[in-house]
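The values are calculated or read from the model by the stated rules, or taken from the named source; none is laboratory data. Note that the coordinates shown come from a computational prediction; the quantities given were computed from them, not determined experimentally. Backbone-built Cβ (ideal geometry, glycine too); neighbour counts: all protein chains shown. Ligands, DNA and RNA are excluded from the accessible area calculation, which covers all protein heavy atoms including side chains. Shrake-Rupley method; radii C 1.70, N 1.55, O 1.52, S 1.80 Å.
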Amino acid sequence: QVQLVESGGGLVQPGGSLRLSCLAPETIFRIYVMAWYRQAPGKERERVATLTTDGRTNYADSVRGRFTISRDNARNTVYLQMNSLKPEDTAVYYCNTLTMRYPFGQGTQVTVSS
């Protein structure tokens, strides 16, 4: 059973920053395009960032310029650096492949509130 383990969420004030981490099995990490998703209460899950194995990135319009996706090959970890956070960024954040190949994990809650 493949496990994707997200961490790093929390409560932050508007304008603040958080860095999320996703630990993935090496077999996944080195082959597939990885992505971060989020799901806010009452809304559908949306993809916010993707990262190819050769380092190309793509972002949803709502986060472009504020979020940065990156990877650490030695740690089989994908990161999401989130800056200038807004209340509308509040959601549970998940990682998976671009094609959502594996079951979603528990996610990590991000709450942006004053």
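Remarks
- Accessible surface ranking for Arg38, Arg71, 1.4 angstrom probe, highest first: Arg71, Arg38.
- Local net charge near Tyr79, Cβ-Cβ under 11 Å (Lys/Arg +1, Asp/Glu -1): +1
- Within the assembled protein chains, the solvent-accessible surface assigned to Thr99 is about 100 Å², based on a 1.4 Å probe.
- For the chain, accessible area per residue (1.4 Å probe, heavy atoms of protein chains only), Å²: 54 Å²
- Burial ranking of peptide ranges 103-109, 60-66 (average Cβ count within 10 Å, highest at the top): 103-109, 60-66
- Share of carbon and sulfur in the accessible heavy-atom surface of the chain [1.4 Å probe, %]: 46 percent
- The chain - share of DSSP beta bridges that are antiparallel (%, nearest 5): 90 percent
- Distances between placed amide hydrogens fall under 5 Å for Lys86 paired with Gly15, all partners being 5 or more residues away or on another chain.
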